[in-house]
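The block underneath contains the structure these notes are about, expressed in C-alpha cells.
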Amino acid sequence: MEKEEVSSSIYIPTQADLAMFEFYKKNPTLACRDLLNQDLAPFQRIVINGIIDHSYVVNVLARGSGKTRIMGVSAALLAMFNPKIRIGFLAPGFRQSKLAFMELENIINESPYLKASLAGPPSKQTDMWVAKFNNEASIIATPLAADNPASIRGIRLHVAFLDEYPHIPKEVIDAVINPMLATQRNPMKNVRRLEKEKEMREKGLEYVEEERQRNKIIGFSSAYYQFNHMYKTICDYKKLAEEQKAKKGKSDYAVYVFNYKDAPEGFFDTDSIDHAKRTSADIIFRMEYLSEFPADSEGFYKRSLIDSCIPRGKEEFYLETQADSSGFYVLGIDPARLNDAFSISILKLVGVEMRLVRVISFEQTPLPLIAEVIRKLIKTYKVSLIGMDAGGGGLAMKDLLSNPLTAGDPSDVILDMDDEATIGMRGTRMLKMVNFATQWISDANFEMRSSMEHKKLLFPAHFSSDTFLSADAPKTLDEEMLFEYFRQLEELQSIVMTATKAGSLHFDTPNQRMRKDRYTSLLIAHKVCSDFIKASFVQKELVSGGWLDIARGRLDDGSEEHVWEETKILDEIESAKAKARVRFIDPGGGALV
C-alpha cells in the first residue's frame, strides 16, 4: 500500500494490535530486534532498558561502544510508544547533536516500522533538526552553544539526551536543561492523578500508583576526571538509587558503566585496542577504554588546568580555518626529528590573551611541500610572527623558506630576523629560531603553565566524540582540525617533569612511543608570542625615520620599498654615530649626525 493511502485512511487498531503494542512497549529490547531491526550487544540492551525504566541516568561507555546508536535507538522507542512526547539530542556543540540525529536517520532507513511511524521526512534547519511522528511525538537535535540561546530557552522537552555530558557546564544543566523538562505532556491528567491519590489516602485506602511516563535526563560519555561535575552526579545518583530502592523497591536513578571488556568477542577491533594501549597515555587509555575515573591527570599540565582554560558562555571561541578581522597571528613550528611528525600550532593574540586556533601535523611529508603549506598558512592567517626549533629539520626548513627561487613573490621569502647574513635580502622578517637548550625548555614550560593558570593561554570550546578519534579514518577539513586539536590536548596533559642526575629539569612523555610534536609546536608558539608581548614594538633609528615592526620589518607609514636597503646600513649608521665624526644625509631631505 502506498504511503499516501496509509496516511489518508483511518485505521482502528484491534485488540490484538493493542496487545502487541503493550507487549513491545514493556519489552524494549525485543522491540529493538523485531521493529527496529537492531542486533544489539548485551550491554547495549541493558543500557536501553535502563533508559526506558528510569528518569535520571548516566551512561559511561568505552570509546567505540556505539553510544550514538544507543541514543538513536532509545529515542526511536520512546517516540513510537509515547504520543506527544518531545525528545531532544543536546550537546555542547551542534555537531555532536547532529551526529545522534544522523544515527537516528540510519535506524529509520533500516526499519520499515519506524519509517511508517514518521509524519514526513525530517526537517533540517540552520539551528535545529526535527523528526515528527504520526502520534505527535517529535525528536529534535539542537546545540547548547552560548551563541544560540534563543532556540535553547524556548524549547520544552520531556526527554533530554545529553551527549558529551562532562563538557556541558553544570550551570547549563541546572539553569537551561532542567527548566526544559518542567512541562508535562498531559498536565491536567497529572493533576487528576494527584487528586485521586490524595482522596484515597485520606480515606485510608491503599493507593496503587498508575504507570506514568516521567520526564528524563539521560547523560552519555566516556569516563572523565573526578574533578568534573559528572563524577559527582554519578556518586549522587548511586546514593539516591540505594535510598529509593530501600524505601520503594525501585528507583528513578541509574548509572551504567561499561568498558571494552564487557563487549562480546569480536565487537571491538583488538588491533585498534592494542594500538591505543601502545600509543596513548596510560591515563587516557584507562578512561577511554576501561571507563575508569582518575582524580586528575598526573603530568606537568593537569587536565583540570587545561579544562579551566576553555572559556564558557559568551567568551567561547573556536578553531579557525582562516584569519578573522582582528587578532595578531603567531605560528609555532616543531620540525620533524627522525620518526617524529612535523607540527604547526597557530595562536591568535587578542589583547594579552593567546588563543589556540589551529593545529596541523605532517607524517613523512617532504620538507619542500611543507614549506609551501607554511607560506599558504602565512597568507591565510595573515601571520606576523613565526617561531621554529632550530634542531631537527629546522635549519633545512629555514633555508627553504628564505630561498627566493621557491617563493612566488618577495613577500613569500621568509627571513630569520636575527640572522645578519640576510640583512641585504629582500623578504619578510618574521622568523624567530629557537634553540632547545635545557634552560630554554624549562623556562618555556613554566611560562606556558603560568599563562594557563592566569588564563592568558586559552583553548577553543570543542569537545571530542567517537567520530573524531579514529586515526586512520578519512576526515573532512573540520574533522581533521578537531582530531589534531584533541590529540594536542592529550599530548599536553601527558608531559611529565623529572629531574636529571645533574639536577636539571626534563620534560617528556612517560614512554618513547607517545608523541609530543603538537605539544612542542604549542610550546614554541607560546614562547615567541609571550616574548613578543613583553618586548612589544621596539623603536629603531632608521635614516628615513619611523617605527620598525620587529615582526614584519615594515615602516608604520606603509612603505616597504626601501626597508631592505636601510636595514643593510643600520650597523654602519650606529658605528658612525658612535665615532661622532661623519655627517650622513637623510634620504627624506634632513640631516642626521
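Bear in mind these aren't lab numbers, they're just calculated from the coordinates by the rules spelled out. Please read these numbers as outputs of a predicted model, since none were measured by experiment. Here the Cβ is made from the backbone with ideal geometry for all residues, glycine too, and neighbour counts use every protein chain on show.
Pairs of alpha-carbon atoms within less than 8 angstrom and 6+ residues apart define the contacts here; what relative contact order does region 303-535 have, in percent?
Details: 385 pairs, mean separation 63.6, N = 233.
Relative CO of region 303-535 lands at 27 percent.
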So, with points 7 Å from each Cα along the Cβ direction, the Asp174-Arg214 label distance in nm works out to 2.1 nm
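Could you state the orientation-averaged shadow area of the convex hull built on the Cα atoms of region 231-294, in nm² to one decimal? Show your work: numbers first, answer last.
On the way: hull surface 22.3 nm².
Over every viewing direction, the Cα hull of region 231-294 projects on average to 5.6 nm².
Using r as the Cβ-Cβ distance of Cys235 and Glu453, and R0 as 22 Å, what FRET efficiency do you calculate, to the nearest 0.05? Mind dumping the intermediate values first?
Values: r = 28 Å, r/R0 = 1.27.
Here the calculated transfer efficiency is 0.20.
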Beyond 26 Å (Cα-Cα) in this structure, taken from Lys432/Lys534; Lys379/Lys455; Lys132/Lys216; Lys67/Lys124; Lys216/Lys238, we find Lys379/Lys455
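How large is the dipole of region 303-535 about the Cα centre if only Lys and Arg carry +1 and Asp and Glu carry -1, each at its Cβ, rounded to the nearest 20 debye?
Working: 27 positive and 32 negative charges, 79 e Å.
Approximately 380 debye in magnitude.
Based on the mean of other Cβ atoms within 10 Å per residue, sort peptides 58-66, 230-238 so the most packed one is first. Write down the numbers at each step before the final one.
Details: 58-66: 24.1, 230-238: 17.3.
With the highest mean Cβ count within 10 Å placed first, the list reads 58-66, 230-238.
Hey, can you rank 260-267, 112-119 by average C-beta count inside 10 Å, highest first? Display every interim value, and only then the final one.
Working: 260-267: 12.9, 112-119: 15.5.
The densest-packed peptide leads the list: 112-119, 260-267.
Provide the gained length on full extension for the span Lys382 to Gln439, in nm with one decimal, where the gain is 0.36 nm per separating residue minus the Cα-Cα distance. Show your work: numbers first, answer last.
Working: separation 57, 0.36 × 57 = 20.52 nm, distance 3.14 nm.
Between Lys382 and Gln439, full extension yields 17.4 nm more.
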Final fewest-first order of Glu22, Glu105 on the 10 Å Cβ neighbour count is Glu22, Glu105
The alpha-carbon center of region 364-424 and that of region 251-269 are separated, in whole Å, by 50 Å
Listed with the fewest Cβ neighbours within 10 Å leading, Ile333, Ile306, Ile346 appear as Ile306, Ile346, Ile333
